[in-house]
Amino acid sequence: MWLTWRAATERALYGEKGFYLRERPSGHFRTSVSASAVFADAVLRVLSEVDAELGHPAGLDLVDIGAGEGVLVTQVLAAAGPGLRDRLRVTAVDVSPRPPGLPERVRWSRSLPAQITGLAVANEWLDNVPLDVVEQTPDGPRLVMVDVRTGEERVDGPLRRADLAWLERWWPLPCVGARAEIGRHRDEAWASVVARLTRGRAVAVDYAHPVDNRPLHGTLTGYRDGAVVPPVPDGSCDITAHVALDACAEAGRRAGAISTTLSTQREALRALGVTGARPPLELARTDPSGYLRALARASEEAELIDPAGLGGFGWLSQRR
Ligand SMILES: C[S@@+](CC[C@H](N)C(=O)[O-])C[C@H]1O[C@@H](n2cnc3c(N)ncnc32)[C@H](O)[C@@H]1O
């Protein structure tokens, strides 16, 4: 069966027996959340900042979008002090079934809350929002169709006007054979998060590329059992593509964001005190086990801010 990449990915990941309805993400790839609880500590710091900005309201939302196994909200709840924890309304949004063992306080939902007063965070969610792939031909950009069983591709008809407009603004194709991934539905997904913020912040963290440096042939990739595999949309693997976070930022502005910061994870985490600095050697003498713990934490911090790895991810933070 031949489908557009967007329809094929939707079916492969979220359709009946789709990859994310069957599988648990941590079995297939590593994210900042699964890499280290240091990431949850940093999110807790952002949440505490938002709490202060909002004047410590009686109810403060923490919404994790694309929550996977619910690890991030569980860790943030465990690390929050009682003064904050007791006021938190925690929602984990995911299409997959509620994982066993999640704290009762966590509301598990397939859809976003209607209103969010607090912090919405989406770590590696947008890269899993399905998109269409297009290729430049001598006759202009054309949709790429894919055979859902084999992953074989063929070039098809012209684009819808809205996709063409997105392409011209956000991913101009420089030559015949060049490819783009149309992020319009990701922009809309992100805008719907920002639109639900009554007050607070929305933070998206993902593999990203800027408009002046898009990859010539796109980034569509498959993951299975921790390895990169061809992106065949048959439900056997994760299918992901890097995110045009700058386009999402613009959509968030249109949805009402009053301030926008687009940086790397390295910059964002360093500003939150995650430096990867090793503990002083002196500690090894006075408190050997404390030294070993601090050393382990420093190496986890270093992984999260490594510019060649997770530190190179984009952080989009928008405020209302
Ligand atoms: C790559 S995993 C990230 C999991 C987790 N945030 C982490 O960082 O480890 C992406 C998650 O987003 C979920 N997801 C994708 N699209 C979604 C949607 N439209 N609504 C709810 N969840 C979605 C998937 O089911 C999957 O669990």
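Structure data summary
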| item | result |
| --- | --- |
| Any hit, the range 80-90, residues being in contact with a strand residue (DSSP E or B) (Cβ under 6 Å, 6 or more places away or on another chain) and surrounded by 22 or more Cβ atoms within 10 Å (Cβ to Cβ) | yes |
| Residue check for Ala92: within 20 Å of the chain's Cα centre (by Cα), part of a strand (DSSP E or B) and small (Gly, Ala, Ser) | yes |
| Matching residues, the range 124-180, being in contact (Cβ under 8 Å) with a residue 40 or more places away in the chain and assigned to a helix (DSSP H, G or I) | Leu126, Asp127, Asn128, Trp166, Arg169, Trp170 |
| Lone qualifier among Gly218, Gly226 - being surrounded by fewer than 22 Cβ atoms within 10 Å (Cβ to Cβ), farther than 20 Å from Ser111 by Cβ, within 16 Å of the ligand (Cβ to nearest atom) and not aliphatic (A, V, I, L, M) | Gly226 |
| Flag for Val93 being away from the ligand (no atom under 15 Å from the Cβ) and surrounded by 15 or more Cβ atoms within 10 Å (Cβ to Cβ) | no |
| Looking only at the range 190-215, and only at residues there that are part of a strand (DSSP E or B) and within 16 Å of the ligand (Cβ to nearest atom), the one that is farthest from Val176 (Cα to Cα) | Ala202 |
| Single unsatisfied condition, Ser32 versus (1) within 30 Å of Pro158 (Cα to Cα); (2) of a type in the set (Ser, Thr, Tyr); (3) within 15 Å of the ligand (Cβ to nearest atom) | (1) |
| Scope the range 69-96; condition in contact with a Gly (Cβ under 9 Å, 6 or more places away or on another chain) and within 18 Å of Leu21 (Cβ to Cβ); matching residues | Gly70, Ala92, Val93, Asp94, Val95, Ser96 |
| Any hit, the range 118-129, residues being more than 16 Å from the ligand (Cβ to nearest atom) and crowded, with 21+ Cβ neighbours inside 10 Å | yes |
| Failed condition for Gly68, given (1) in contact with a Pro (Cβ under 8 Å, 6 or more places away or on another chain); (2) of a type outside the set (Ser, Thr, Tyr); (3) farther than 21 Å from Val194 by Cα; (4) within 8 Å of the ligand (Cβ to nearest atom) | (3) |
| Residue check for Val228: under 19 Å from the mean Cα position of the chain (by Cα) and within 28 Å of Trp5 (Cα to Cα) | yes |
| Pick from the range 71-90, criterion out of contact with any helix residue (DSSP H, G or I) (no Cβ under 7 Å at 6 or more places or on another chain) and either among the polar types (S, T, N, Q) or within 16 Å of the ligand (Cβ to nearest atom) (or both), ranking: farthest from Pro103 (Cα to Cα) | Val73 |
| Val232 being surrounded by fewer than 19 Cβ atoms within 10 Å (Cβ to Cβ) and more than 16 Å from the ligand (Cβ to nearest atom) | no |
| Cross-chain or 6+ apart pairs with Cβ under 6 Å, the range 301-316 first and over 28 Å from Ser259 (Cβ atoms), then of a type in the set (Gly, Ala, Ser) | Ala302/Gly276; Glu303/Ala35 |
| Single condition Thr275 does not satisfy, out of (1) touching a Ser or Thr at 6+ places or on another chain (Cβ under 8 Å); (2) more than 24 Å from Trp171 (Cα to Cα); (3) free of Cβ contacts under 8 Å to residues at least 40 places away in the same chain | (1) |
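Residues checked against (1) under 18 Å from the mean Cα position of the chain (by Cα); (2) buried (at least 21 other Cβ atoms within 10 Å of the Cβ); (3) of a type in the set (Gly, Ala, Ser):
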site: Cys248; (1), (2), (3): yes, yes, no
site: Thr260; (1), (2), (3): yes, no, no
site: Gln265; (1), (2), (3): yes, yes, no
site: Leu269; (1), (2), (3): yes, yes, no
site: Thr286; (1), (2), (3): no, no, no
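No lab work stands behind these numbers, since they all come straight from the coordinates. Model, not experiment: these values are computed from the prediction. Neighbour counts run over all protein chains shown; Cβ positions are idealised from the backbone, glycine included.
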